[in-house]
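This report concerns only the one structure given below.
The values are calculated or read from the model by the stated rules, or taken from the named source; none is laboratory data. On a predicted model such as this, the values are computed, not experimentally measured, just so you know. A quick note on method: Cβ atoms are made from the backbone with ideal geometry, for glycine too, and the neighbour counts reach across all protein chains shown.
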Amino acid sequence: MSFINGRLLGAAAGIVMFAGPAAAADCEVVHWWTSGGEAAAVAEFAKALDATGEHKWVDGAIGGSGDTARPIIISRITGGQPPCATQFNPGKDADDLIDAGLLLDLSDLAKEEGWTDFVYPSTQLDPTCVRDGKVWCVPVNIHSAYWMWVNRKVYQDAGIDVPATWDDVIASTSTLRDNGIIPLSLAQGWPVSTLSDAIEVSVLGIPNFVKIYQDRDMDLVKGDLSRAVWEKLDEARKLVDSAEIVPQWNDAVGLVITGKAGTNVMGDWAQGEFAVAEQVAGDDYECLAGLGLNDVVSTGGDVFYFPKTDDPEITKAQLKLASLMISAPVQVAFNLKKGSMPIRQDVDLNAANACMKKGLAILANADNIVPNNTQMMQRETVYAIRDLRNEFFTNPDMSVDEAFEQFISLIESAPE
Ligand code: GAL
């Protein structure tokens, strides 16, 4: 069933309506960007598609997080009710859909537009969007998960220096508590992993992080350095009163924005929330990459896939949307609102704020780039480790040794 110029063409009923001038197609785009900052960012994509005058963006926002949206997206595509386009994260999540032949091959478009010439880091295209030598998704940003967001005024009002590192945050805990301020805000679920992963990278260093999650180096997994991660997580969980754990990531960021909490560890999508609150990096808040302990950026982010359709007008809309999403002007407009880094360096980022500039400077050195664990292992294992970490953070009776032993067996039994 297709809509052309807003009129349903009832081909099945043998009714052929004259479609008039250049046919247009509505493109339903599914994503999970529903917070203030995310909505402002995705509106830039919608604006760009609508501006073509040929195709119309139909917003398919799914509330919650990627954890809520992914199963819905996959069942729609496998169930024969696919959207025109859908968000995913870089990684292995769409591999089965690709192998089942359900997604549009973007290789010709990528070749025609020279995506390999400008996508940076190149890994955001290959291997992130390439499988069996073909291009299946368009990368739209780089989100690093490993940032710490600090409300400057909270520490200044408490008469202490604004933290420059994780260790400063630990040291300032009692002073903030004395002032009725939550030292570290935290949301339940995957945000516990975001905090834990950031701490883990700061303890292990990037090469060892990759050796554990990509190479499954069991000597390293079982070693003292790996155990030291859980000791540092133990330090972190002592900052958090489980009664203060909030439902959603943007609630935890909101506590820092409103000065109820001093610090939050979250991906740079948090910046979209500061922007909506009209807070300025360097004045109102600080952004500390790698918890201020080391220069790292993770190459998480977002990509869009386009389910195959037998409607040529939808296919035209899909290719147009993919081309717009990766184009320089749309990359700037979208990423400045999203708080993420663009996937190309040949863009004018004069409007970039201090945090994005800091991120881009770190990104410029490939040694500072750490792949997301979902780019190195199946999501089911990432989820199992996340569940272990959530239990560790909410169950003070779970010892470091108990958690460490469970971690070892999860890595040992992880499928490729
Ligand atoms: C991630 C996504 C980000 C951000 C975050 C919170 O999966 O890559 O763009 O929106 O979820 O919803």
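Among the residues making up segment 30-77, a single one is free of Cβ contacts under 8 Å to residues at least 12 places away in the same chain and touching a strand residue (DSSP E or B) at 6+ places or on another chain (Cβ under 7 Å): 50.
Hey, does segment 228-242 have a residue that's away from the ligand (no atom under 16 Å from the Cβ) and over 16 Å from residue 389 (Cα atoms)? Checking segment 228-242: not a single residue is away from the ligand (no atom under 16 Å from the Cβ) and over 16 Å from residue 389 (Cα atoms). Taken together, the residues in segment 27-47 that are within 12 Å of the ligand (Cβ to nearest atom) and closer than 20 Å to residue 72 by Cα amount to 8.
Within segment 337-362, the residues that satisfy the criterion of being among the hydrophobic types (A, V, I, L, M, F, W, C), closer than 20 Å to residue 128 by Cα and buried (at least 22 other Cβ atoms within 10 Å of the Cβ) are 341, 343.
Being more than 16 Å from the ligand (Cβ to nearest atom), part of a loop (DSSP other than H, G, I, E, B) and modelled with pLDDT under 95 is the requirement here; does residue 163 meet it?
In short, no.
Looking only at residues of segment 169-207 that are in contact with a Ser or Thr (Cβ under 7 Å, 6 or more places away or on another chain) and within 11 Å of residue 236 (Cβ to Cβ), we find that the one that is surrounded by the fewest Cβ atoms within 10 Å (Cβ to Cβ) is 183.
Tallying residues that are in a helix (DSSP H, G or I) and either over 13 Å from residue 212 (Cα atoms) or at pLDDT 90 or above (or both) within segment 363-373 yields 4.
Among the residues of segment 208-229, what is the count of those that are out of contact with any Ser or Thr (no Cβ under 9 Å at 6 or more places or on another chain) and of a type in the set (A, V, I, L, M, F, W, C)? Total meeting the criteria: 6. Condition first: touching a helix residue (DSSP H, G or I) at 6+ places or on another chain (Cβ under 6 Å) and assigned to a helix (DSSP H, G or I). Now tell me which residues in segment 237-256 satisfy that. Selection gives 237, 242, 249, 250, 253. Restricting attention to segment 272-307, the residues that are under 19 Å from residue 342 (Cα atoms), away from the ligand (no atom under 16 Å from the Cβ) and assigned to a loop (DSSP other than H, G, I, E, B) total 2. Of all residues in segment 325-362, how many are under 14 Å from residue 288 (Cα atoms), touching a residue at least 60 places away in the same chain (Cβ under 8 Å), assigned to a helix (DSSP H, G or I) and not charged (D, E, K, R)? The total comes to 5. From the list 263, 299, the lone residue that is farther than 24 Å from residue 156 by Cα, polar (S, T, N, Q) and surrounded by 21 or more Cβ atoms within 10 Å (Cβ to Cβ) is 299.
Suppose we filter 105, 67 for residues that are acidic (Asp, Glu) and at pLDDT below 95; which single one remains? Of the residues listed, the single one that is acidic (Asp, Glu) and at pLDDT below 95 is 67. For segment 257-271, the set of residues classified as out of contact with any His (no Cβ under 8 Å at 6 or more places or on another chain) and either among the hydrophobic types (A, V, I, L, M, F, W, C) or not in a helix (DSSP H, G or I) (or both) consists of 257, 258, 259, 260, 261, 262, 263, 264, 265, 266, 270, listed by residue number.
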